[in-house]
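Structure first, then comments.
The values are calculated or read from the model by the stated rules, or taken from the named source; none is laboratory data. Note that the structure is a prediction, hence the values are computed from the model and not measured. All Cβ positions, even for glycine, are placed from backbone atoms using ideal geometry, and neighbour counts span all protein chains on display.
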Amino acid sequence: MNAPRLRLRLSPFALAAALLAAGASVPAAALDGASLYGRGTLFLDAMGFRYGDGPFSSRISSRLRFEFLDRPGSGWTLSLDARGRMDPGEEGTDRVLLYDARLSYDKPGSPFSLALGQMNLYDSAGIGRLLGGLAGLKVGSAVLLGSYAGLEPGLDVGRLDSKHLKFGLFARYRGKQGRSLSLSLNRVLYDGRTERSFLFTGGLLPVGRFVVLFGNAEYELGSAVASADRLSRLFFNVRISPAPFLDLSAFYSSGRGLDFHKFQLETSRDPSLGPADIDRYYYSLQYGIRVDIKPTSMLRLFLARQESEQKDEAIRNHTWRLGGSWTDLLGTGLTLYGGYSRHRGPFSESDSFTFSLDKTFGPLSWTWSFSNTYNGLRWASTGDAPQLIRLQDSPTMGSQAMVTISRNLAVSAEFELVLRKEAAEQLGLLRVILRY
């Protein structure tokens with residue numbers, strides 16, 4: 001007779017309780033009597049989904065975000081952002097996702113800055129997630145010179161590819177009124193070969209009282225990259241507010257995504273693939289302008305124009321958008337939002353419209369929305385990048401309510417109904433939010 005199999009499941013709620021207990025169990029005496037700082041939020045979610053007359057599926061999860069020891073920027077700070085997710089049932093899957101887990105040191109008057117663990121370096125180096133370390137040297141009060149090195153971590157705990165290495169140098173400036181500028185030299189290796197070598201720069205610059213500039217760019221340094229392809233990423237946004245009732249904004253975005261990691265794996269399985277296949281990437285271009293007008297304190301209108309181009313396929317699409325919001329509609333306390341998008345082009349989306357109503361009743365806030373299309377995100381079973389799902393001719397209605405019970409406790413509930421031709425989809429979510 002076979003012995004029964006024991007299946008260990010890491011409940012999201014057990015994960016949250018363990019992390020909270022670990023933080024609460026650290027005695028102040030262990031830190032030489034120093035006063036401890038702690039701030040965090042715990043989300044407890046229960047979600048249910050049904051498609052047509054099919055079976056009801058559910059998922060429960062928890063997410064914990066906290067900072068512990070010292071306030072950020074005043075000494076040693078332990079930061080954590082993790083999620084536990086469980087699909088009930090014998091065939092259900094369990095995941096523990098780690099977004100951020102690091103011990104960092106930063107203090108006024110100290111010339112050094114340090115971080116160890118799992119973190120993201122989008123603002124400093126434009127390199128994304130890193131499992132490793134970062135060390136910096138302060139020059140004055142606004143400039144940080146540093147370096148980093150580590151591995152490419154997966155979101156799932158225990159998922160780590162030791163062949164994927166990242167390292168680089170960076171300089172970062174942070175000034176008054178949100179001014180910032182970053183410049184970095186980065187190198188990414190996979191299995192001992194250079195996947196990418198590139199420069200990254202990004203920043204935000206207010207100009208006077210009415211203009212704000214924001215952008216970032218990546219420039220490839222690899223010898224195999226053609227001159228025309230070296231500016232692999234460019235994003236630029238400008239916002240101008242010449243009057244209290246008028247905002248003008250314009251943007252330009254062009255980018256390539258080169259998945260050299262995937263190319264390496266495919267060539268190992270299929271030796272017939274040659275170096276020319278490395279050019280399989282997505283190259284897109286978008287630019288547009290938007291005008292926001294506020295005729296009264298209650299009314300806001302906008303008009304936008306956007307051009308989109310998939311350059312590797314010579315596909316161009318054209319979009320007009322218009323809409324607005326009306327606060328305290330006819331004295332009812334309701335806020336109305338509405339928008340219409342007109343798409344034209346050989347592979348453009350269908351025209352779409354959406355509107356919603358919001359109202360607050362003391363501690364209760366409520367929202368109802370409607371759209372003639374469905375837009376959402378879906379994560380594949382493998383990989384971390386989400387895919388945008390857009391279903392045409394799928395009227396979608398949703399309602400959400402949130403109750404603030406106390407300063408540290410709130411509860412929200414959501415329901416969404418998608419009326420597709422094949423069958424209706426129903427989605428419900430109950431969330432408890434605890435702050436401490």
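Here are some notes:
- So R209, is it farther than 27 Å from P153 by Cα, of a type in the set (K, R), at pLDDT below 90 and surrounded by fewer than 19 Cβ atoms within 10 Å (Cβ to Cβ): yes
- Among the residues of segment 220-242, those identified as closer than 15 Å to G255 by Cα and assigned to a strand (DSSP E or B) are E220, L231, S232, R233, L234, F235, F236, N237.
- Any chance L130 is more than 29 Å from A250 (Cβ to Cβ) and assigned to a strand (DSSP E or B): yes
- Exactly one residue out of E195, E220 is without any contact (Cβ under 8 Å) to a residue 40 or more places away in the chain, surrounded by 15 or more Cβ atoms within 10 Å (Cβ to Cβ), on the phi < 0 side of the Ramachandran plot and not small (G, A, S), and it is E220.
- Failed condition for S162, given (1) out of contact with any Phe, Trp or Tyr (no Cβ under 7 Å at 6 or more places or on another chain); (2) within 27 Å of R83 (Cβ to Cβ); (3) surrounded by 14 or more Cβ atoms within 10 Å (Cβ to Cβ): (3)
- Close pairs (8 angstrom Cβ cut-off, 6 or more residues apart or separate chains): at positive phi in segment 52-66, of a type in the set (A, V, I, L, M, F, W, C) anywhere: G52/A423; G52/A424
- Filtering segment 351-369 to residues that are surrounded by 15 or more Cβ atoms within 10 Å (Cβ to Cβ), part of a strand (DSSP E or B) and of a type outside the set (A, V, I, L, M, F, W, C) leaves S352, T354, S356, D358, K359, S365, T367, S369.
- The lone criterion from (1) surrounded by 14 or more Cβ atoms within 10 Å (Cβ to Cβ); (2) more than 27 Å from the chain's Cα centre (by Cα); (3) among the charged types (D, E, K, R) left unmet by R344 is number (1).
- Selection within segment 23-59 - closer than 22 Å to T93 by Cβ and modelled with pLDDT of 90 or more: F43, L44, D45, A46, M47, G48
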